[in-house]
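Okay, so here's the structure we're looking at.
The values are calculated or read from the model by the stated rules, or taken from the named source; none is laboratory data. Here the structure is a predicted model, which is why all the values come from computation and not from measurement. Here the Cβ positions follow ideal geometry from the backbone for every residue, glycine too, while neighbour counts run over all protein chains shown.
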Amino acid sequence: MTSRLERALIRAAQAALPRGDREWMAGDLEEEIVRTRETRGRAAAIGWLIAETLRNLLHRAARAMPRPDVRGWVPALVQDFRYAARLLRRTPGFTVTIVVTLALGIGANAIVFSVVNGLLLRPLPVDRPDRLVFLQGSGTPAQSYPNYVDLRDRTTVFDGLLASRIAPMSVHSAGSGVAPVRRWGYLATGNYFDVLGVRPAAGRFFTAAEDGVPGAAPFAVIAYDEWVGRYGRDPGAIGSTIRINTFPFTIIGVAPPGFFGTERFYRPAIWVPLSMQPQIEIGNPWLQRRETSNLWLVGRLKPAVTQAQAQASVNAIAEQLAREYPGPNRGMSVMLTEPGLLGSVLGAPVRAFTLGVQSLAALVLLAACVNLASLLAARGADRRREMAIRASIGAGRARLMRQLLTESLLLALAGGAAGGALAWAASRALSAWRAPLDLPIQFDVHADPRVLAFACLVSAAAAILFGLAPAARTSGADPNAALKGLSERAGRGRWSMREALVAVQMVLCVVLVSACLLSIRGLQRAATMPLGFEPHGVTMGAFDLGLAGYSRARGEVFQHDVADAVRQLPGVDAVAYSNSVPLSLDQSHNTVYPEGAVSADRRMPARSAVVYQVSPGFFATIGTRLSKGRDFDWHDAAGSPHVAIVNETLARILGTPDAIGRRFRFGAAGTPTEVIGVVEDAKYQTLTEAPTPAVFVPIRQRYSGTTVLSVRSRERIDAAAIRQAIAERDASLPVYDARPMTEMLGLALFPSRAAAVALGAFGVLALSLAITGVFGLVSYAVARREREIGIRMAIGAGAPAVLRLILGRTALLMLAGATIGAIGSRLLAKLLSSIVYTASPDDPLVLAGVAGVMMAVGILSCWAPAVRAIRISPTAALKAE
Amino acid sequence: MLHRVEYTVGPMEQPLGEFEQLVLMAVVRLEADAYGATIKRDIEARTGRGLAISAVYTTLDRLEQKGCVRSWIGEPTAERGGRRRKHFELKPAGARALRAAYSAYTEMAAGLERRLKALR
């Protein structure tokens, strides 16, 4: 008999037994435990029961495992891969076509994604970036300093609220013997680093307590790259004195590597407390002015506060402030947005644009996958016999599917690797690229693990997309019919989905290729188009006397002296200076009110015009033709009557027959200014702009400390010579933008170049799509109709008849696609011409180019399958019976 | 068609494994008394091996699937707390397989008895 303990144990062990067999197995256990106790003792019996229960569990688990165990599965997979690789090596053309198509498709997606990742997804380099909000004003993203102080002091929803502003500075390391350099940095409130939660790489940051009294915190924090690049990581740099705009500042710390503040596009070199604003932006103190909205505000939400609660609180304060200061704060509103791209000012368009491009890229990849699917289907038709033989000697359908999917996975892996490499290289180049500007604009879009994961995911999805359908079709073929040589019915009459898709691809191809050619031709023409000035032979150098602490009187003397000195350089024909030059980034506008021209409703027709403050000889130097009147001379200075030179567009507005002698004012209450000359129109802001009114005024009359020196010379002179001439007069004056004027034009040409490159890339993609699409379609047709063609040839059909049979429908498709594409490209050309400088869509070279490309597509894609069709031997095709 | 041949292919007769042979022989010896616990005990007693009862069940299960044995559930028994037994008996296929294994064994062993006993 069993003891109570034994019975309890048996009951417990029963749970491990299969339900249906529980009774008799438990019976066996009971018999055995009694016998074991009798022969070997109680303890041994209990030990035996426990061990037996465990063994039982193990046995059951082993039986539940699938029969073909891992030991057989791995070699099969390796075998599949080997077989697939061998097969793909045997058809290099096919393999290369697929891998290149995939590489382009996956690469394009990964590149676009790396931009999305860099601009939108990657968190800001600060502590808990998800708790930061940007306080965006209406109209301008910025707020004034008094409003910032009120918002900061009245709100209870933020752990901290910071304000910052970008500003150029003239930075000079005292006693270094190096000339001052121009650097862009941030003016930032004392709590800036605290609120962002970053730690210094060296030294310390300035604090809220230090940023109180104006001018009392001459401290600077430098960027890590600056510390490495200019100070060689020298710890002694901390505590050293530098001069910013001639004022002494102490470097107190270094920002951590990779830290660039709160705006993703801007790479500051230096941070200075906001209370130092009067020293940084000399002659323009605005901290006390509620009208001047110059600050970007970023707040850190308190842990328990939601964005909606914070928005409600900020709304209430904005309403208060609008009531208290009805003048400057009229209609004040503050919207909480995501920081990083000036809230939604840049954020919204960037999001919309990148999303659009990403969907385009996804569509391209999808189309590529469909093409590849039809290519694989064509190949699958060729391999039906192979599959049938394998099936009839015992391979299951799952096994065949696996073989085919392994092949497409291998292709996708190769394409994904190539596409990933492409994206990696492209995103590195994009990250390293800096706009040809004085302003340090840079986008960090380097490929990180997120991009890598994205590329892998896309590749895998592609493999399934293009591999599954052909695999299902091929592996599912009836072995009996396949071995007998019966081919599938060739579809006739109705247009298949695949054929419609090929037509769409042709449309896309024609549109993109012609857009690409248009913008390339446009670029070519832009290089020779009349700009209204002649940049070749002009070298420039710029400096800011305001930042260097010059008064107007000293500044005018200095400008004159430097111009005189440069004029003495060998080979120099003409020298002039101005506050800016056409097609540079820095353009000012003013409103021109023609005198006496009062319309019926007593309003003067005002016109906005581009304004330049220029020295005598400016037009001769930059090569603008003076068509009427006279140029300025040195007598057009302070105290003499106000004069101006206008361009032909403004002259037409001011009055006929010519504008000489007409007067206008800048602003409704400005000083009357008399027109003394007219110059030809030029391009001032972009190459694509329509003729724009422009006014030139004498710099001696309306002074500007910002000085761009233009030097025309017979032979090219070195920008360094200009730097030298300036340094001889004031070694502490930073010179920037010292380069040939043609180089500066790179900026104006940038949109066109970027468009040509982007359209070129998408054009190549569309081309490869069209080629693989048509190739796949025709190959498939040939493969499916091999017997039919053989029979036709046997009863006397010649090569032309066979070609007609195979290519007829395709040619029709291509023609239809090309026609629709041609119409589409004319529409696109209109759209494009507003963004970049383009050639006319009727440009013979563009038309010939598109036609040539389409013919090449046709020949390239149909050649191989057509040749194959003609070479079909009737005997061989019929022998298959 | 003048000549037509139809094959009826039964389950492939595979040679028995060593433990399968031991289990089948125990079933033959125990006759009506062949069930899990007795089969285990019989093999343990004769070969001196310690066995897991679950190993016996697994083998019996496999032999049943191969068509070598069949099983049925008996009447409730007092000595097992009223629990019933699962009995096993040899089927023709099992008998053929066992005979084949035995004859292969004896043929191979014929004339070697002395030398086999002398092996250490």
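Matching residues to (1) within 14 Å of chain A (Cβ to nearest Cβ); (2) of a type outside the set (Phe, Trp, Tyr); (3) out of contact with any strand residue (DSSP E or B) (no Cβ under 9 Å at 6 or more places or on another chain); (4) loosely packed, with under 14 Cβ neighbours inside 10 Å:
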| site | (1), (2), (3), (4) |
| --- | --- |
| B:PHE19 | yes, no, yes, no |
| B:ILE53 | yes, yes, yes, no |
| B:VAL56 | yes, yes, yes, no |
| B:GLU107 | no, yes, yes, yes |
| B:GLU113 | no, yes, yes, yes |
| B:LEU116 | no, yes, yes, yes |
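Hey, any hits in segment A:39-62 for a residue that's within 60 Å of the chain's Cα centre (by Cα), in a helix (DSSP H, G or I) and of a type in the set (Lys, Arg)? Checked against the condition, which is being within 60 Å of the chain's Cα centre (by Cα), in a helix (DSSP H, G or I) and of a type in the set (Lys, Arg), segment A:39-62 yields at least one hit. When you look at A:ALA694, is it within 30 Å of A:ARG567 (Cα to Cα) and in contact with a Lys or Arg (Cβ under 8 Å, 6 or more places away or on another chain), yes or no? When the stated conditions are applied, A:ALA694 does not pass them. Based on what the data block shows, is B:ASP61 out of contact with any Asp or Glu (no Cβ under 9 Å at 6 or more places or on another chain), free of Cβ contacts under 8 Å to residues at least 40 places away in the same chain and within 11 Å of another protein chain (Cβ to nearest Cβ)? Yes: the conditions hold for B:ASP61. Here is a check on your reading of the model: is A:ALA352 at pLDDT 75 or above and of a type outside the set (S, T, N, Q)? When the stated conditions are applied, A:ALA352 does not pass them.
Yes/no matrix, rows are residues, columns are (1) surrounded by 19 or more Cβ atoms within 10 Å (Cβ to Cβ); (2) part of a helix (DSSP H, G or I); (3) at pLDDT 80 or above:
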position	(1), (2), (3)
A:VAL502	yes, yes, no
A:LEU512	yes, yes, no
A:HIS560	no, yes, yes
A:VAL566	yes, yes, yes
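Among the candidates A:ASP225, A:ASP194, the residue that is assigned to a helix (DSSP H, G or I), out of contact with any strand residue (DSSP E or B) (no Cβ under 8 Å at 6 or more places or on another chain) and closer than 28 Å to A:LEU121 by Cα is uniquely A:ASP225. Residues in segment A:139-163 that are closer than 17 Å to A:PHE193 by Cβ, surrounded by fewer than 22 Cβ atoms within 10 Å (Cβ to Cβ) and under 29 Å from the mean Cα position of the chain (by Cα): 0 in all.
Only one of (1) modelled with pLDDT of 90 or more; (2) touching a helix residue (DSSP H, G or I) at 6+ places or on another chain (Cβ under 7 Å); (3) of a type outside the set (Ser, Thr, Tyr) is not met by A:VAL149, so which one is it? All conditions pass for A:VAL149, except number (2). If the condition is being closer than 16 Å to B:ILE39 by Cα and facing another protein chain (nearest Cβ under 9 Å), then segment A:16-33 contributes A:TRP24, A:MET25, A:ALA26, A:GLY27, A:ASP28, A:LEU29, A:GLU30, A:GLU31, A:GLU32. Pairs linking a residue in segment A:136-164 that is on the phi > 0 side of the Ramachandran plot and assigned to a helix (DSSP H, G or I) to a residue that is among the aliphatic types (A, V, I, L, M) and modelled with pLDDT of 90 or more, with Cβ atoms under 9 Å and 6 or more positions apart or on different chains, do not occur.
Could you please find all residues in segment A:36-47 being closer than 18 Å to B:GLY81 by Cβ and either surrounded by 14 or more Cβ atoms within 10 Å (Cβ to Cβ) or within 7 Å of chain B (Cβ to nearest Cβ) (or both)? Write out each step before concluding.
Quick first cut of segment A:36-47, residues closer than 18 Å to B:GLY81 by Cβ only: A:36-38, A:45-46.
Selection gives A:THR36, A:ARG37, A:ALA45, A:ILE46.
Within segment A:781-804, the set of residues being touching a residue at least 24 places away in the same chain (Cβ under 8 Å) and of a type in the set (A, V, I, L, M) comprises A:ALA781, A:VAL782, A:ALA783, A:ILE789, A:ILE791, A:MET793, A:ALA794, A:ALA799, A:VAL802, A:LEU803. The set of residues from segment A:720-742 being in a helix (DSSP H, G or I) and farther than 10 Å from A:VAL538 by Cα comprises A:ALA720, A:ALA721, A:ILE722, A:ARG723, A:GLN724, A:ALA725, A:ILE726, A:ALA727, A:GLU728, A:ARG729.
Of the residues making up segment B:64-94, those that are among the basic types (Lys, Arg), assigned to a loop (DSSP other than H, G, I, E, B) and at the interface with chain A (Cβ under 8 Å from one of its Cβ atoms) number 3. So for segment A:754-763 (the condition being buried (at least 18 other Cβ atoms within 10 Å of the Cβ), in contact with a helix residue (DSSP H, G or I) (Cβ under 6 Å, 6 or more places away or on another chain) and of a type outside the set (A, V, I, L, M)), does at least one residue qualify? So far as segment A:754-763 goes, yes, one or more of its residues are buried (at least 18 other Cβ atoms within 10 Å of the Cβ), in contact with a helix residue (DSSP H, G or I) (Cβ under 6 Å, 6 or more places away or on another chain) and of a type outside the set (A, V, I, L, M).
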